[in-house]
1. Can you sort Leu95, Leu154, Leu85 by how many other beta carbons sit within 10 Å, fewest first?
2. With all pairs of different alpha carbon atoms counted, what Kirkwood hydrodynamic radius in Å does region 81-166 show?
3. Applying 1/(1 + (r/R0)^6) with R0 = 25 Å to the Cβ-Cβ distance of Gln119 and Phe155, what FRET efficiency is obtained, to the nearest 0.05?
4. Once phi is turned into θ = phi - 60°, what whole-Hz ³J(HN,Hα) does the Karplus curve with 6.51, -1.76 and 1.60 give for every residue of region 87-94, x standing for Gly and Pro?
5. Give me Val153, Val164, Val75 ranked fewest to most by other Cβ atoms within 10 Å of their Cβ, as a rough exposure proxy.
6. Relative to the present Cα-Cα distance, how much length would full extension add between Ala71 and Asn147 at 0.36 nm per residue of separation?
Amino acid sequence: MRQLLVVGLVLSACDVIAPRATDGGAGGAGGGSSGAGGGFAIALPQLPPPPNLAVFAGLGAGASKLLADVANARVEIDPTQSDALTALGECADLLSYCYAPPAFTLARCFTATRTCTTQTPWTEAACCPAACRDAFTRETNAGLPPNAALEKVLFREPDCFPGVRAALEAP
């Protein structure tokens, strides 16, 4: 489980206040209990790491970086690009880094993750649209397992995320 305990600090993304586990004062193998009872700590799943664009420094000059040039096909990446697809990726990152069962289910992560406030999420800090959270909830309420619901909502039928369908269907 990727989980970080932070005391006295509230961070964005998937933050919750959870009771600190204690062994009831026995000080056994779990160690460290002073018998003072259950204090509170902020339990956070790991947040996505900040992007490190230095990895692209050796790939040439300019914004676009050539990754492959094989059989008349070029694969380039522009790490400065920000569009509907990169915003969808950031939403998926937030959810995947938040997810740490049993404490952080996909439903809980959708609820705790920052909600986009505009129809252009790629101009905002990493977020997930409320429409995607609602679509996920509809799918799970209809009986789809959470992992399948997430795949359907964000990747197979991403209509909840503004601009993604148009980007995927562009010539």
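1. Leu85, Leu154, Leu95
2. About 12.7 Å, per the Kirkwood formula over Cα pairs.
3. Between Gln119 and Phe155 the formula returns 0.80.
4. So the J values, rounded to whole Hz, are 5, 4, x, 5, 4, 4, 4, 4.
5. Exposure proxy ranking, most exposed first: Val75, Val164, Val153.
6. 23.7 nm
FYI, it's all coordinate maths here, none of it is from the lab. Predicted, not measured: the structure shown is a model, and the values here were computed from it. Positions of Cβ are backbone-derived with ideal geometry, glycine not excepted, and every protein chain shown enters the neighbour counts.
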